[in-house]
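To start, the structure itself, in structure tokens.
The values are calculated or read from the model by the stated rules, or taken from the named source; none is laboratory data. Quick caveat: nothing in here was measured; it's all calculated off a predicted structure. Just so you know, the surface numbers come from the protein's heavy atoms only, side chains and all, with ligands and any DNA or RNA stripped out. Shrake-Rupley method; radii C 1.70, N 1.55, O 1.52, S 1.80 Å.
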Amino acid sequence: MRHWSAIGAIAGLCFFGLLAVMYDEFYREFGITSADVALSYSDTLAHSWGFVITVAVALTIGVSLILWAWQQIIKRKHGRDCKIGQLPAPAYLTALAAIFAIFICAGLVGEHFMEAAGRRGAAGQPVSGLRLGLVFFDVRAQPVTEISSVAESPVTIPTRGLTFLGKSGRSFVLYCTADDQILRISMERFTLRTSPHQGLKESESRDCGTAATRSPPR
């Protein structure tokens, strides 16, 4: 049990490190990091569980095939069956190389997608992540369609050029495409709505919650 717990912990750290780099690649286009939208260790893994499962399956299949191939080579060469625990060191080195290769390939694909998605979001285009039946990357950059005051003294905030990126504490994190600045609006006095598609009617917009004060641009 201690053996598999250690393997699980190491695998979790590897996946988190890989995903953290990719998520930061997306938010770098807006001048922030994933920490600025309160993405924790568990959030990062949970928001990309489809990616984690896909890579884990690829690792399992790849390593299993390599070790099986080594077993067949030894059987043909020496005429005897060889258990996985009895394989020579080159077999494990080959499996380790395959693990690194799969991680590198997955990282390159994910980084390319995140970079392209970040550029689209910074240009004001809607981004809703990557979902192919499974959630691979749950990133968002959605145009703001309405910011309505719920206080007694209404305050109007123009929404043109504003993109919703996420939440941090009790604030919404918005990106202004007009001046490439980050705005933070606290969650008490305003109702904020976003649209997953540009040009969507206000009645079809998705309600993101309430907000309270506007912080100065970053």
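Derived scalar couplings between HN and Hα for segment 176-188 equal 9, 6, 6, 10, 6, 10, 9, 10, 10, 10, 6, 9, 9 Hz in order, rounded to whole Hz, by the Karplus curve 6.51 cos²θ - 1.76 cosθ + 1.60 (θ = phi - 60°), x for Gly and Pro.
Heavy-atom accessible area for ILE147, with the other protein chains in place and a 1.4 Å probe, reaches approximately 20 Å². The heavy atoms of HIS78 offer some 110 square angstrom of accessible surface to a 1.4 angstrom probe.
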